[in-house]
1. Can you tell me which residue among A:Gly54, A:Gly20, A:Gly25 is crowded, with 18+ Cβ neighbours inside 10 Å, over 24 Å from A:Arg151 (Cβ atoms) and modelled with pLDDT under 90?
2. Is it true that some residue in region B:76-93 is at the interface with chain A (Cβ under 9 Å from one of its Cβ atoms), small (Gly, Ala, Ser) and part of a loop (DSSP other than H, G, I, E, B)?
3. Which of the residues belonging to region A:358-389 are buried (at least 20 other Cβ atoms within 10 Å of the Cβ) and touching a residue at least 60 places away in the same chain (Cβ under 8 Å)?
4. Within region A:651-757, considering only strands (runs of 3 or more DSSP E) that don't extend past its boundaries, which have at least 1 residues that are buried (at least 17 other Cβ atoms within 10 Å of the Cβ) and over 35 Å from the mean Cα position of the chain (by Cα)?
5. So is A:Val170 of a type in the set (A, V, I, L, M, F, W, C), touching a residue at least 12 places away in the same chain (Cβ under 8 Å) and touching a His at 6+ places or on another chain (Cβ under 6 Å) or not?
6. From the set of residues in region B:47-68 that are in a loop (DSSP other than H, G, I, E, B) and within 7 Å of another protein chain (Cβ to nearest Cβ), which is surrounded by the most Cβ atoms within 10 Å (Cβ to Cβ)?
7. Take A:Glu414 and tell me if it is modelled with pLDDT under 80, among the acidic types (Asp, Glu) and not assigned by TED's automatic domain parsing to the domain that holds A:Ile218.
8. Looking for whichever is touching a residue at least 40 places away in the same chain (Cβ under 8 Å) and more than 24 Å from A:Pro828 (Cβ to Cβ) here; the options are A:Phe630, A:Phe611. Which one fits?
Amino acid sequence: MTSERRADAVSGAFREGRAGRGANGEASATVSRLVVVGHGPTASRLVETLTGRGFGGTITVLGEEPRPAYDRVALTSYLAGKSAEDLTYPVPEGVTLRLGARVTGIDREAKVVTTADGHAEPYDVLVLATGSSPFVPPVPGRDLDGCFVYRTIDDLDAIREASQDAVSGVVIGGGLLGLEAADALRGLGLATHVVEMGGWLMPRQVDEGGGAVLRGHIESLGLNVHTGAGVKEIVAGPDGRVNGLVKPDGETIETQVVVFSAGVRPRDELARAGGLDVGERGGIVVDDGMRTSDPAIYAVGECALHEGMVYGLVGPCFTMAEVAADRILGGEAAFAPVDMSTKLKLLGVEVAQFGAMDGALDVTFMDPVTGVYQKLFVSDDARTLLGGICVGDAAPYNTLKPFVGRELPGSPSELLFTGGPSNMDLPDDAQVCSCNNVTKGRICSAIADEGLTDVAGIKSCTRAGTACGSCVPMLKQILIKSGVEVSKALCEHFAYSRAELFDIVRVRGITTFSQLIAEHGTGRGCDVCKPTVASILASLGNGHILDGEQAALQDTNDHFLANIQRNGTYSVVPRIPGGEITPDKLIVIGEVARDFGLYTKITGGQRIDLFGARVEQLPLIWKRLVDAGFESGHAYGKALRTVKSCVGSTWCRYGVQDSVGLAIALELRYRGLRSPHKLKSAVSGCARECAEARGKDFGIIATEQGWNLYVGGNGGFTPRHADLFASDLSTDELIRVIDRFLMFYIRTADRLQRTSVWLENQGLDYVKEVVLEDSLGICAELEAQMERHVAGYADEWRAVLEDPERLRRFVSFVNAPGTPDPSISFEPERDQVKPVLIPLETVRLEPARS
Amino acid sequence: MTVLSEDLRASREGAGWTRICAYTDLLPERGVCALVDGHQIAVFRTFDGALYAVGNRDPFSGAFVLSRGIVGSRGDEPTVSSPMHKQVFSLVSGECLDDPAVALPTYGIRVAGDAVEVNVL
């Protein structure tokens, strides 16, 4: 199967303009047809570098796998729930990518490669990026059903399937990849064994002492480690599938899944058949410019053999790709033997190794209680650092690695005990990011020359910190040391923080974004400041959020009063205060979902989310909901979401207060309140806390005497339990305290800052003083502001339905208002619909910014 | 691809122009989407009255949503940010300012009388 995809979404005119411009003004050599065999991370980096530098010819990539290049380093995260798309590298436009195209021959005379399905691809320059294949030792039974390798997404899919009816699994190989595979098996719920031939785990990265500490960590996670152990044979059960692994000592480990992870071998068979020079133990021989014995053919990545070395780490492979790209463009870059330092976190344990693994003297720090092992190798005068090993805590890797081959800034034992040099004065040529080979000097000059003020800037300018990310803490330190004052400016348009802007708007009575930016900002705003100002204006009560100029400030969720989903449709959440709903209203929601073909899901906030609505359906859906007495649930806004409740004293034999009644009262009081981030709340009717109130921005727990108020809790990325703010309040006192607390938060928090972070920054005691003791004398004002909000509340959706001007915006196409978006379609899953995703030519790992 | 009403050169070229809406249908600093010959075109009117037309498809998510992004500026460049994952694109060149390897197609746009027309050729 060969599927061809052109990563080419732009118009012809633009593509020509781009090629003609030659990004950095670089002239590319006269290569017109470049063919790349293999599409893994290295090939992806090569193609990205070439297109980024304005390569003038055509690029055709022939990939063996049925999918484009993906991040193999993050492979295990695929089993943990990431999708193949999440891991996929973007493919630059203009590149022709043929997938499922296994190259079977090179005709160097005719300069043509042929694929298994008979396709012939002529080239002027050929790059072999064929990678490596897992080495499977010649053990009897290795071909049985149930034996796997761990390299591709297809391998992982097969392992996942086999694990469904398996109880236990064995990984053969206790190296870096083997432990990663073991982590994956454990994640799939198997009783997991690791069998390592060597005397200890990860023999290439750590010494025996480190291996022992590592083993302790891994066994404490419930994994079984067998070191110094080979495999005699793998045996099958009556169904012909694996059911055991026999060790040379006769012991049998019962297992249904065996994963080989005993090292890799370069894929050089194509080069070998084509008559190129290959190494004795495999690998395509290349020179410093990554050129093979045929000057028209390059080899990069794990298949290349440079000065007798094959490199399996992503850092050196990326460097090879960049060197080859430079040569193809007529440059003279050279590949030099590189640092093989590694730092990783496996099964929650940090393991790192840098520099040499032996030396005249060594100093070891070991803490068996916490399972930390750190060893430094130094010269015979104990002054020059040669290398180090860390298990359990890899802090010395970051702080000491740049000193390899240099004089240490202190005695080795002191450095280990204090966790590294405190005042780090790295030399300029010290390598900070080893993945992308960026020195401290390069980073410092980028900071100075480009005026960088944050890590994101350093990343985009120098690429440092963009691969494994382990140097990011150092980037921060370098930034601080270069005297950069970290800006609190909201964005390039406003030099103020959100809290300062709030005061400006409030004190000066500003009611439009245009006035604010003209008087206090520059430019025309962006997706950061516009929604922020929209939220400030809404918090201060400036009418409907879609009125006048405000409409243009809202992000798409607020603009369509619904939540955008991945296929461009929206979801609808009617408010269900306190999670209490009548059967009639439930039936209405069910009928609306059925009539519009929506997917329904009960949310964590005790309401119902209806997915898959197109923009032109939103008013029709809401007409039905509003007629039945529903209101907007503000699920789309940075606003109060829900006040969840347990069933409370009305029904529950343990309840001491009416939690449902209070939850409904609070939700109706604060509905529609716009804030720096979403606000969630809950009320529990007794100390058993069934409503999980301590995970909310403001949570209330009933006591015999009244209510306890907790603030600053949330789930999300960094979960935090709420802190007790006031005890045994009457209902009136409680509401007054919450009014003040919320308004003080809305006035002073940063953009997208939840109450948890805000509370930690302000300090719990300080917020108590302001809110409970009125230390700033603003409580009357805060309460009045909340009263204005409560009095001014109106349902946003009802207001839209009553206004033909606002309704007119709810169309997919301005020139065809009745036409639904043809790109949206659905397929069935578990008796409901799910979106059919539009195939991607380019994909992204992470959002560009939050 | 800025074409103001006084740009007569483009209008003389004639072919390929399709009326999509009245100029007054467009809100300042906001986009709409037009469907022309199967192309989804995101059309924007900025604060100064200028018009821009780029592809509606967000190349990062694959969804046809860019007309619903927030309009703004980066430096002097008028921009739209994807409502999906916030990547920012130039309205002039279509180029993604956060990832120069990615770009949107751009289309001709002009005002003829009180109508807005786009050109997908």
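The values are calculated or read from the model by the stated rules, or taken from the named source; none is laboratory data. All figures in this text were calculated on a predicted structure; none of them were measured in a lab. For neighbour counting, all protein chains shown are included, and Cβ atoms are generated from backbone atoms with ideal geometry for every residue, glycine included.
1. When all the criteria are applied, what remains is A:Gly54.
2. Yes, that holds for at least one residue.
3. Listed by number, the residues that qualify are A:Tyr373, A:Lys375, A:Ile389.
4. Numbers: elements: A:679-684, A:698-702, A:707-711, A:723-729.
Ranges flagged: A:698-702, A:707-711, A:723-729.
5. Yes.
6. Result: B:Pro59.
7. yes
8. Details: A:Phe611 fails: more than 24 Å from A:Pro828 (Cβ to Cβ).
A:Phe630 is the lone residue from the list that is touching a residue at least 40 places away in the same chain (Cβ under 8 Å) and more than 24 Å from A:Pro828 (Cβ to Cβ).
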